[in-house]
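J.: Please see the structure below; I have some questions.
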Amino acid sequence: MWRRIFAIVVKELRQLSRDRMTFGMIVIIPLVQLMLFGYAINTDARHLPAGLVNLSDSAYSRALVKAVEATQVVDFKQRYLSAAEAEAAITRGEVKAVLYLPADLDERLVRHPSFVGQQYLAQSYIAQPAGQWLVDGSDTVVASTILSLRQMPLDEVAGRALKTAIPSFEVVQYFNPEQRSVVNIVPGLLGVILTMTMVMFTSAAIVREREQGNMEFLITTPVRPLELMLGKIVPYVMVGFVQVTIILSAGHLLFDVPIRGGLDSIALAAMLFICASLTLGLVISTIAKTQLQSMQMTVFILLPSILLSGFMFPYEAMPIAAQWIAEALPATHFMRMSRAIVLRDAQVMDLQFDALWMIGFTCIGLLIASMRFSKRLD
């Protein structure tokens with residue numbers, strides 16, 4: 001009995017050693033997970049892209065901006081002339097927050113208890129905040145991080161050693177003032193679920209034809225490779241729209257997630273992402289030799305899509321190398337688009353970079369899949 005068991009074990013090991021794809025996944029998947037969780041995953045957001053509206057432009061205001069930058073929580077990437085411009089930039093996703101400093105900043109600072117001591121409190125003086133933070137509240141992690149800047153040490157700006165517990169800034173949160181996590185999660189789930197299903201459906205498309213013995217039939221037909229690729233993805237586009245409808249409807253009815261964007265913008269963004277994901281699955285299908293290999297490669301794509309796209313952890317908190325990898329994934333671009341459109345009522349034209357990237361990804365992916373399939377016909 002033991003000899004027979006040993007013979008089967010040897011046979012399985014030899015078969016595994018010949019299956020280079022599976023053997024490679026055994027080594028690569030643990031290493032990738034280790035790298036992702038060890039380096040890329042960081043809930044401590046730093047260097048968030050921020051804007052500045054400085055109507056005072058005084059020595060105090062410049063010192064205050066430097067004090068904020070010294071915390072390394074935000075980096076002021078853009079300057080705006082008014083609060084309206086700043087709000088539009090937040091809606092487009094250009095920045096995560098904007099520091100608004102009013103024209104009477106110097107007067108507010110001089111009268112602030114941090115400058116003159118606590119005697120103003122005894123005189124029933126209500127201290128005005130030095131300024132405002134305008135924050136994209138749709139990302140709860142980012143909003144919580146900006147909230148930590150409410151208690152800026154204004155005494156340092158004045159060069160004094162006084163302490164105060166009075167908030168230095170007022171924080172205005174747009175789109176999700178209650179900071180409900182579900183508001184941020186539901187639009188993100190669109191990207192995760194569509195990645196999981198769309199890539200999985202088409203990653204086995206060509207492999208399944210081969211395993212079912214239909215490849216010879218396809219070779220004898222006048223169907224061209226590109227026509228075959230398009231025919232493979234069109235049915236699943238409709239499946240993708242069904243899933244989008246289910247997720248958004250259930251999220252709105254069960255969790256009261258607001259849908260501020262237009263349905264036409266949501267549909268266009270979903271169409272771009274569904275086509276990009278299906279194309280990615282087709283490329284995988286032309287590489288894999290068995291359905292098992294296609295599933296393994298799908299998992300290999302799914303893990304970075306969940307961890308690096310900004311669904312669970314802030315994109316800005318990741319190392320630069322991880323951000324480069326994230327930019328190569330369709331889920332990252334759709335995550336920005338879905339949250340911007342659904343929660344902030346952004347337009348597709350405001351998100352041109354992400355939209356054009358997914359269109360280019362789809363075209364290049366179809367070309368690669370068609371060329372690889374035509375080589376298999378030779």
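J.: Taking only protein heavy atoms into account and a 1.4 Å probe, give the accessible area per residue of the range 268-378 in Å².
T.: Values: 4390 Å² over 111 residues.
Ligands and nucleic acids excluded, the result is 40 Å² per residue.
J.: Please turn the phi angles of the range 95-101 into ³J(HN,Hα) values with the Karplus equation 6.51 cos²θ - 1.76 cosθ + 1.60 (θ = phi - 60°), one per residue in order, whole Hz, x for glycine and proline.
T.: Couplings: 9, 8, 7, 9, 8, 9, 10 Hz.
J.: For the range 297-378, what is the largest minus smallest coordinate of the Cα atoms on each principal axis, given in angstrom and ordered from greatest to least?
T.: Principal-axis extents of the Cα atoms in the range 297-378, largest first: 50, 28, 20 Å.
J.: Based on the mean of other beta carbon atoms within 10 Å per residue, what is the order of 349-356, 308-315, most packed first?
T.: Numbers: 349-356: 15.9, 308-315: 21.1.
So the peptides 349-356, 308-315, ranked by packing, come out 308-315, 349-356.
J.: Would you work out which of Leu280, Ile368, Thr290 lies farthest towards the positive end of the dipole of the range 254-378? Charges go on Cβ: Lys and Arg +1, Asp and Glu -1.
T.: The residue sitting farthest along the positive end of the dipole is Thr290.
J.: Taking H placed 1.01 Å from N in the peptide plane, check which residues at least 5 places from Gly131 or on another chain put their amide H under 5 Å from its amide H.
T.: When sequence neighbours closer than 5 places are left aside, the close amide H contacts are Glu170.
J.: On to the next question. Under unit Cβ charges (Lys, Arg +1; Asp, Glu -1), what dipole magnitude, rounded to 20 debye, does the range 181-318 have relative to its Cα centre?
T.: On the way: 6 positive and 7 negative charges, 37 e Å.
Dipole of the range 181-318, to the nearest 20 debye: 180 debye.
J.: Compute the Cα gyration tensor for the range 264-336, then decide on rounded, prolate or oblate, letting a ≥ b ≥ c be the square roots of its eigenvalues: rounded whenever a/c is under 1.5, prolate when a/b is larger than b/c in the other cases, and oblate in all that remain.
T.: Judged from the Cα gyration tensor, the range 264-336 comes out oblate (a/c at least 1.5, b/c at or above a/b).
J.: How do the peptides 259-268, 184-193 rank, highest first, by the average count of neighbouring beta carbon atoms within 10 Å per residue? Each step should come with its number before you reach the end.
T.: Working: 259-268: 16.0, 184-193: 21.6.
Top to bottom by mean Cβ count within 10 Å: 184-193, 259-268.
J.: Still on this structure, I have one more. Asn176's amide H: which non-local residues (gap 5+, or another chain) put their own amide H closer than 5 Å, with H modeled 1.01 Å from N in plane and none for Pro or chain starts?
T.: Those lying under 5 Å, H to H, from Asn176 are Gly137, Ser138.
The values are calculated or read from the model by the stated rules, or taken from the named source; none is laboratory data. Just so it is clear, the structure is predicted and the values come from calculations on it, not from any experiment. Here the Cβ is made from the backbone with ideal geometry for all residues, glycine too, and neighbour counts use every protein chain on show. Please note that ligands, DNA and RNA were not included when accessible areas were found on the heavy atoms of the full protein model with its side chains. Shrake-Rupley method; radii C 1.70, N 1.55, O 1.52, S 1.80 Å.
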